[in-house]
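*Asks:* Structure in structure tokens, see below.
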Amino acid sequence: MYDIVIIGGGPAGLTAGLYAARARLRTLLVERMGFGGQLLTYEKVDNYPGFPEGIGAFGLGELISAHALKFGLQTRNAEVVTLGLTEGVKSVHLTDGSLHTRTIIIASGASPNKLGVTGESELTGRGVSYCAVCDAPFYRNQEVAVVGGGDTAIEEAVYLTKFAGKVYVIHRRDQLRAARVIQDRAFGNEKIHFVLNSVVTEIRGDVQGVDRILLKDTRTAAVSDLSVSGVFIFVGIQPNSHFVPVEIERDAQGFIHTDQEMATSVPGVFAAGDVRSKQLRQIVTAVGDGATAAFNAGRYVEERFH
Ligand code: NAP
């Protein structure tokens, strides 16, 4: 029987694990892939306090997980299928067994949205990508497209210019959504070309990979095409909350509602990080959520079980 089972090994889950293990609560963190969460898909982090020169995203993930493990956090590599939310002891059902616990912290993060256009799924891994850090080196001196106008799209477009010869940023409006400081880096980069008021309607290619995308102007409906060998799609995120039972309230997109103590609508179940319905999705807010969730899960255990 655990005091806390944490679902997800990104910055929120690892920080919850660090706080819980340090507080000597019997804690297990379950992660289906590697530790670090979305940090594994970024190159560099330049807004995490304490690193004025920035820090490599992968390295930051390793430091946070080493810190949590140092306090004795137990971990298990497994996928969560569903949760059993009876009063008192709760269950976390995995593909290979079940765990029993007094509290649960859901820190399962978010995944990139798909565009949903013809050619996207067929060409994923053969020119269509959702991770610039993973795939950018394949496009040395080539022309690629980035779809989206948020922080991720613009940061990744800048990163891609280290490899690609030309990066088209395709955005459906005439204003980017990304923070001003991120936009300015892209506007100052001569390899980046903006294609505004445009949506991708189809991605074309063959077994060799992508060779072009079809575009539609959102104001005039004029259709055009663009020759590119890679398409990087960054059109927002969706929560990894498919295993979360309906008793836990969520917003229209599936992000989990919590109060300021990270408590969900089910007593003893907490949520932290990007899976939570919140305003600012950053590493620094994820780690804050994780600490708050672990503190309040510990308090719940103390009040109900001791
Ligand atoms: P986002 O902020 O939701 O931006 C998604 C972008 O994709 C928007 O520009 C949106 O256009 C566009 N889009 C959405 N659906 C589309 C569709 N079907 N077709 C074409 N375009 C579409 O998502 P994100 O950039 O992945 O960021 C996710 C969260 O992480 C945000 O809270 C962000 O601030 C945060 N983040 C922060 C940093 C940082 O601080 N360094 C870095 C990365 C991410 P519209 O603008 O027209 O809606």
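*Asks:* So, in segment 265-291, of the ones that are touching a residue at least 24 places away in the same chain (Cβ under 8 Å), surrounded by fewer than 22 Cβ atoms within 10 Å (Cβ to Cβ) and of a type in the set (Val, Ile, Thr), which residue ends up nearest to Ala21 (Cα to Cα)?
*Replies:* The selected residue is Val284.
*Asks:* Step by step: first the residues of segment 178-205, then only those that are surrounded by fewer than 15 Cβ atoms within 10 Å (Cβ to Cβ) and among the small types (Gly, Ala, Ser), then the one that is modelled with the lowest pLDDT. Which residue is that?
*Replies:* Gly188
*Asks:* Might you check whether a residue that is of a type in the set (Lys, Arg), buried (at least 19 other Cβ atoms within 10 Å of the Cβ) and not assigned by TED's automatic domain parsing to the domain that holds Gly125 occurs anywhere in segment 243-263?
*Replies:* yes
*Asks:* If you take the residues of segment 11-44 that are free of Cβ contacts under 8 Å to residues at least 60 places away in the same chain, among the small types (Gly, Ala, Ser) and part of a loop (DSSP other than H, G, I, E, B), which of them is nearest to Ala293 (Cα to Cα)?
*Replies:* So, considering only residues that are free of Cβ contacts under 8 Å to residues at least 60 places away in the same chain, among the small types (Gly, Ala, Ser) and part of a loop (DSSP other than H, G, I, E, B), the one nearest to Ala293 (Cα to Cα) is Gly36.
*Asks:* Out of Lys90, Lys166, Lys162, which single residue is assigned by TED's automatic domain parsing to the domain that holds Gly13 and among the basic types (Lys, Arg)?
*Replies:* Lys90
*Asks:* Turning to a different aspect of this structure: Applying the selection to segment 131-164, what residues are among the acidic types (Asp, Glu) and within 20 Å of Phe58 (Cβ to Cβ)?
*Replies:* Of everything in segment 131-164, those that are among the acidic types (Asp, Glu) and within 20 Å of Phe58 (Cβ to Cβ) turn out to be Asp135, Asp151, Glu155, Glu156.
*Asks:* Look at Asn47 and say whether it is polar (S, T, N, Q), surrounded by fewer than 24 Cβ atoms within 10 Å (Cβ to Cβ), in contact with a Gly (Cβ under 9 Å, 6 or more places away or on another chain) and modelled with pLDDT of 95 or more.
*Replies:* When the stated conditions are applied, Asn47 does not pass them.
*Asks:* Determine which single condition Ile6 fails, assuming it passes every other condition in (1) of a type outside the set (Asp, Glu); (2) under 18 Å from Gly268 (Cβ atoms); (3) within 16 Å of the ligand (Cβ to nearest atom).
*Replies:* If we test Ile6 against (1) of a type outside the set (Asp, Glu); (2) under 18 Å from Gly268 (Cβ atoms); (3) within 16 Å of the ligand (Cβ to nearest atom), just (3) comes out false.
*Asks:* Out of (1) within 14 Å of the ligand (Cβ to nearest atom); (2) in a loop (DSSP other than H, G, I, E, B); (3) within 19 Å of Cys131 (Cβ to Cβ); (4) in contact with a strand residue (DSSP E or B) (Cβ under 7 Å, 6 or more places away or on another chain), what's the single condition that is false for Ala178?
*Replies:* (4)
*Asks:* Looking only at segment 137-158, count how many residues are assigned to a helix (DSSP H, G or I) and either farther than 26 Å from Lys216 by Cα or more than 16 Å from the ligand (Cβ to nearest atom) (or both).
*Replies:* 3
*Asks:* Determine if segment 54-77 includes at least one residue that is part of a strand (DSSP E or B) and touching a residue at least 60 places away in the same chain (Cβ under 8 Å).
*Replies:* Yes, the conditions are met somewhere in segment 54-77.
*Asks:* Any residue at all in segment 98-117 that is in contact (Cβ under 8 Å) with a residue 12 or more places away in the chain, of a type in the set (Val, Ile, Thr) and within 14 Å of the ligand (Cβ to nearest atom)?
*Replies:* Yes; the residues of segment 98-117 include at least one that is in contact (Cβ under 8 Å) with a residue 12 or more places away in the chain, of a type in the set (Val, Ile, Thr) and within 14 Å of the ligand (Cβ to nearest atom).
*Asks:* Do you know which residues across segment 96-129 are under 30 Å from Thr264 (Cβ atoms), out of contact with any helix residue (DSSP H, G or I) (no Cβ under 8 Å at 6 or more places or on another chain), part of a loop (DSSP other than H, G, I, E, B) and modelled with pLDDT of 95 or more?
*Replies:* Asn113, Lys114, Gly116 - these are the residues of segment 96-129 that are under 30 Å from Thr264 (Cβ atoms), out of contact with any helix residue (DSSP H, G or I) (no Cβ under 8 Å at 6 or more places or on another chain), part of a loop (DSSP other than H, G, I, E, B) and modelled with pLDDT of 95 or more.
The values are calculated or read from the model by the stated rules, or taken from the named source; none is laboratory data. Fair warning: this is a prediction, and the values are worked out from it, not measured in the lab. A quick note on method: Cβ atoms are made from the backbone with ideal geometry, for glycine too, and the neighbour counts reach across all protein chains shown.
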